[in-house]
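Notes for the one structure printed next.
Taken together, the values in this text are just the output of simple stated rules run on the coordinates, not laboratory data. Small disclaimer: the values here were computed from a predicted structure and weren't measured. For neighbour counting, all protein chains shown are included, and Cβ atoms are generated from backbone atoms with ideal geometry for every residue, glycine included.
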């Protein structure tokens, strides 16, 4: 689920490369341009929020990957996508007898105390994790094998992260930046896709479903948001790599900026809930295993970002 998106496209490509047969649900086959049919792939027009249709679609499937998520919205919208949908998915997985579920969550989510998180996004992500952990653990052995991946911000050629910073600096005289000192540990989209694939392969090799596994999917480096903006400028050669002056906004002015961005047409670059999320660092806690648990050496950001930002 979510196979036509930024991360989903990489996950599907890696699964195809290993010979997996993949079914990708989509609201509209005609609009699923990034998921053009290829050998081993089936596009299934489906409203994943329709529990009956979802359950029917899972019959005969060995594994499910859930990548469905939103970054902006109201409390009800976050709950609809990150909690209610996950509840439906958990029930459907059990009824259909699916053996494995890989769920992509987020750094900062807390399944044990979901309401302790600072933003609606993170609270709903934690609640969704809690739903799956309960569902997987209602029997012994577990009803299905569950892996939860918690990535930091994800970068890659089609990202809406470094690309946005680079493009903004090509038009703006300076960069007014909310949360300039917030810390991130960016992870390459292909490393996240590899983590999904290796989680499935790990589970596939087990004769009995193992206890749920939660992993933090982060890159090898920590950056402040200011440093990431400056790096995007350097790699895309804005003003010969110097970029634009970065003006860190105080919290009150950042809130004003977020309000204006939320009122503008289209998806906002920054929302009030994004600001709330940045109250806690978007970095690995160290309390959980990381990508190395799956044998993945996380890629550094600059060499990869240079390849796609330098071509802009």
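Does the range 107-154 come out rounded, prolate or oblate, given a ≥ b ≥ c as the square roots of the eigenvalues of its C-alpha gyration tensor, rounded meaning a/c under 1.5 and, failing that, prolate meaning a/b above b/c? Oblate, because a/c is 1.5 or more while a/b does not exceed b/c. Using a/c under 1.5 as the rounded threshold, could you call the range 241-312 rounded, prolate or oblate? The axes a ≥ b ≥ c are square roots of the C-alpha gyration tensor eigenvalues, and prolate needs a/b larger than b/c, oblate otherwise. Oblate shape, in that a/c is at least 1.5 and b/c is the bigger or equal ratio. A straight line joining the Cα centroids of the range 50-100 and the range 157-171 runs 31 Å.
Which percent of the Cα-Cα distances in the range 151-191 go past 13 Å?
On the way: 501 of 820 pairs.
Roughly 61 percent, rounded to a whole number.
Ellipticity at 222 nm from helices only: DSSP H runs of n ≥ 4 in the chain, each -39500 (n - 2.57), divided by the residue count, give -11500 deg cm²/dmol.
Just to be sure I understand the curve: with the Debye formula and one point per C-alpha of the range 54-209, what is log10 I(q)/I(0) at q = 0.16, 0.19 Å⁻¹? Debye curve over Cα of the range 54-209, log10 I(q)/I(0) at q = 0.16, 0.19 Å⁻¹: -0.97, -1.26. The smallest convex shape that holds all Cα atoms of the chain, its convex hull, gives 136 Å³ per residue. log10 I(q)/I(0), Debye, Cα-only the range 147-248, no solvent, q = 0.23, 0.25 Å⁻¹? Debye intensities relative to I(0), on a log10 scale: -1.17, -1.29.
Hey, what did the chain get for relative contact order, percent, Cα under 8 Å, at least 6 apart? Let's see the in-between values first.
Numbers: 589 pairs, mean separation 57.4, N = 312.
RCO, the chain: 18 percent.
In terms of other Cβ atoms within 10 Å, 218, 280 run from fewest to most in the order 280, 218. Here 174, 161, 78 are placed in order of increasing Cβ neighbour count within 10 Å, fewest first, which gives 174, 161, 78.
Rounded to the nearest 5, what is the percent of antiparallel bridges among the DSSP beta bridges in the chain? Kindly include the intermediate steps, with their values, before the conclusion.
Working: 2 of 27 bridges.
Antiparallel bridges: around 5 percent, rounded to the nearest 5.
Can you sort 263, 85 by how many other beta carbons sit within 10 Å, fewest first? Lowest count first: 263, 85. Result for the chain in a Gaussian network model with C-alpha springs under 10 Å: among 224, 171, 26, the largest mean-square fluctuation is at 171.
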